[in-house]
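Report on the structure given below.
The values are calculated or read from the model by the stated rules, or taken from the named source; none is laboratory data. All figures in this text were calculated on a predicted structure; none of them were measured in a lab. As a convention, Cβ positions derive from the backbone with ideal geometry for all residues, glycine included, and neighbour counts pool all protein chains shown. Heads up: the accessible areas ignore ligands, DNA and RNA and are worked out on the full protein's heavy atoms, side chains in. Shrake-Rupley method; radii C 1.70, N 1.55, O 1.52, S 1.80 Å.
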Amino acid sequence: MADAEFRAIRPHLEHLVLPARLSLHEPHQAHRFAWFPNEGLISLVVVMANGKTVEAGIVGNEGVAGLPGVAGLDCSPLREIMQIGGSGFRIKIRDLQRTLASTPGLRLLLQRYTMMLGLHVAQTAACNRLHDIDRRLARWLLMAHDRVDSGTLRITHDFLATMLGTDRPSVSLAAGLFQRLDIIRYRRGAVKILNRKALEGHSCECYAVIQRYALMSHPPAD
């Protein structure tokens, strides 16, 4: 972001600690803030009428949550929740909308990121429907690793199962396989990635597709 554009938005940013399990937005409620995480991981979760949930996408330090509100929608059906705790900035939707009128560079970044996130959500839907749990788990761990800048992901099997739309025993079996292969180590609610290259080998095609378009979301350098 250009210095002048950052100066325009900076007075409206509020820095916050964002603990794990903090809900940033609940389904069908009004969007009040956009969220720019510096650390941690936000899950975009679909909640069904019977209470079951599945993750549709994730947002880390590359992106922003609350985009439906920025686009002018009063509400959205997604739950936005801190899956891995961290910190970041929030800004009132109305302040961000006003600022975008005078910050074309930031506006372009958000437009590109919005398109990329839509492709990410579509690819995730296909992945959850068509691919085995071990490949889905590998894809998720790689994407989380890219976004939290840490080799250790503080996440439980129960929460992973909810996010991947499966049950805990299935996640435990897949994680157990990766652990026996010395690809990951799981202890006390934390997954440590030991061999990223091997994890990439176990992932489905969806990881590479999502990463390819994530890179394309950044405007070319002048």
Stokes-Einstein diffusion coefficient for the stretch 1-54 at 4 °C in a medium of 1.567 mPa s, Rh from the Kirkwood formula over Cα pairs: what value in µm²/s? 93
Amide H partners (placed H, <5 Å) of Leu18, local residues excluded: Gly86, Ser87, Gly88
If one compares the long axis through the Cα atoms of helix 168-180 with the longest principal axis of the Cα atoms of the chain, the angle in degrees, nearest 10, works out at 70
Percent antiparallel among DSSP beta bridges confined to the chain, rounded to 5, stands at 100
Candidates per trypsin sites (Lys or Arg not before Pro) in the stretch 65-171, loop by DSSP, up to 16 other Cβ within 10 Å: none
So what are the ³J(HN,Hα) numbers for the stretch 88-95, from phi and the Karplus equation (6.51, -1.76, 1.60; θ = phi - 60°), rounded to whole Hz, Gly and Pro as x? x, 10, 10, 9, 5, 4, 5, 5
If you bin every alpha carbon distance in the stretch 145-222 into 5 Å steps from zero, what whole percent lands in each bin? 3, 13, 19, 25, 20, 9, 5, 3, 2, 0, 0
What the Cα atoms of the stretch 1-114 span along the principal axes, largest first and in whole Å, is 47, 27, 21
Residue of Phe33, Phe159, Phe178 that the Gaussian network model of the chain assigns the largest fluctuation, springs spanning Cα pairs under 10 Å: Phe159
Percent relative contact order for the stretch 90-222, counting Cα pairs under 8 Å at least six residues apart, stands at 33
Ranked by accessible surface with a 1.4 Å probe, highest first, in what order do Glu39, Glu62 come? Glu39, Glu62
GNM flexibility winner over the chain from Leu110, Leu181, Leu153 (Cα, springs under 10 Å): Leu181
Among His15, His145, His25: highest mean-square fluctuation, GNM of the chain, C-alpha pairs under 10 Å: His15
Sum -39500 (n - 2.57) across every DSSP H segment of at least 4 residues in the chain, then divide by the residue count to get the 222 nm mean residue ellipticity, nearest 500. -14000 deg cm²/dmol
With N denoting the number of residues in the chain, provide Rg(C-alpha) divided by 2.2 N^0.38 Å, to two decimal places. 1.03
Work out, step by step, the length gained on full extension between Ser87 and Arg107: first 0.36 nm times the residue separation, then minus their alpha carbon distance; give nm to one decimal. 4.9 nm
Check which residues have an amide H placed less than 5 Å from Ile155's amide H, if you skip close sequence neighbours. Ala190, Val191
Count the net charge of all other residues whose Cβ sits under 11 Å from the Cβ of Ile184, scoring Lys and Arg as +1 and Asp and Glu as -1. +4
Based on the alpha-carbon gyration tensor of the stretch 94-168 and its eigenvalue square roots a ≥ b ≥ c, which shape applies: rounded if a/c is under 1.5, prolate if not and a/b is larger than b/c, or oblate? prolate
Each residue of the stretch 104-111 in order: what ³J(HN,Hα) in whole Hz does its phi give by Karplus 6.51 cos²θ - 1.76 cosθ + 1.60, θ = phi - 60°, with x for Gly and Pro? x, x, 5, 4, 5, 4, 5, 5
Karplus 3J(HN,Hα) series, Hz, for the stretch 65-81 with 6.51 cos²θ - 1.76 cosθ + 1.60 (x for Gly, Pro): 10, x, 4, x, x, 4, 6, x, 7, 5, 7, 8, x, 8, 8, 10, 9
Check: C-alpha center the stretch 155-176 vs C-alpha center the stretch 85-111, spacing in Å is 34
